[in-house]
Structures are given as C-alpha cells and as structure tokens.
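Novice: Next up is a structure, given as structure tokens.
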Amino acid sequence: MMSGWKELLIKQELERAGYIQALAKQDISRNQGARRLKVSLTYLSKLIDKYGIHWPVRYGQGVGINKVPGGVAEYTRLADQGYSKADAARELDVSFNTVCAVAKNNKIKFVDGRTKGGLRSPKIDVTSR
C-alpha cells in the first residue's frame, strides 16, 4: 500500500513539472505564468528551481510598455499632452511605479502633478491691520 502511495506522489510531481515546463515553453514571463497557475511568483520560482526547469527570468521587459497598446509612444503622447505620472498611470491602467520606470528608462518628462502647472502654494495677500 505504501509503495502505491509513493508512486502516486511521484506521478503527481512529474505531472506538475511537465505542466510548468509546458508553460515555460510558451515564451511568457514567470509573472504571467504565476498568474495563470494562480500562485505567487516566489512559489513558482521555487518550483522551477526544484524541478530544474529552464525558464529564464525576463529582466527589463517593460511589462507596462507591453501592456499599453501604443508602447513607449503612448507614454510620450500623454507626457506631451501635459499629463502627470499619476494621471498617465490612471489613463493607461498601470501602476505609478511603472510609469516612473518607463519615463526614466526612456527619458520621458511628465509634468509635476503636484503643481498642475501653477504655483505649488498660492500666495495669499494679507492686509495689515
């Protein structure tokens, strides 16, 4: 009975490894794979290491760029239209940090959203008594 149980566990491990290997061959990021499996990226990375699966980490793929249909041109267009980074993030449905990273990597200058183009603190005219 016990050897049957161990065989079942081994079979499940092999199936799991095969499924993860199939995902790795789809040329998707580890992050996208983790979302499909509904597990954390950390857990998926541990499984990849455990099973010795070749799934390279994709550094600098610009997920925010890839998510936006127009790519960098869309970020540039919004910056040219006077959007702040926060406004661009809301418009493009990406995180503020993604907009900051894309702007830094591509030297895109957004307006300072805190000032809205005017004085940061309006000058108050105080009359003396």
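Novice: For the subset of segment 1-17 comprising residues that are among the aliphatic types (A, V, I, L, M) and modelled with pLDDT under 90, which member is farthest from GLY33 (Cα to Cα)? Even if it seems obvious, please write down each step before you answer.
Specialist: Residues of segment 1-17 among the aliphatic types (A, V, I, L, M): 1-2, 8-10, 14, 17.
The next check asks that each one be modelled with pLDDT under 90; those that pass are 1-2.
On the way: MET1: 36, MET2: 34 Å.
Per the criteria, the residue is MET1.
Novice: Turning to a different aspect of this structure: Can you find, within segment 79-99, the residue that is nearest to GLY113 (Cα to Cα) among those that are part of a helix (DSSP H, G or I) and free of Cβ contacts under 8 Å to residues at least 24 places away in the same chain?
Specialist: Ranking the candidates gives ALA88 first.
Novice: So which helices (runs of 4 or more DSSP H) stay within segment 23-70 end to end and still have 2 or more residues that are modelled with pLDDT of 80 or more and more than 16 Å from the chain's Cα centre (by Cα)?
Specialist: Fully inside segment 23-70 and qualifying: 41-51.
The values are calculated or read from the model by the stated rules, or taken from the named source; none is laboratory data. Just so it is clear, the model here is predicted, and its values are computed rather than measured. Cβ coordinates were reconstructed from backbone atoms using ideal geometry, including for glycine residues, and neighbour counts include every protein chain displayed.
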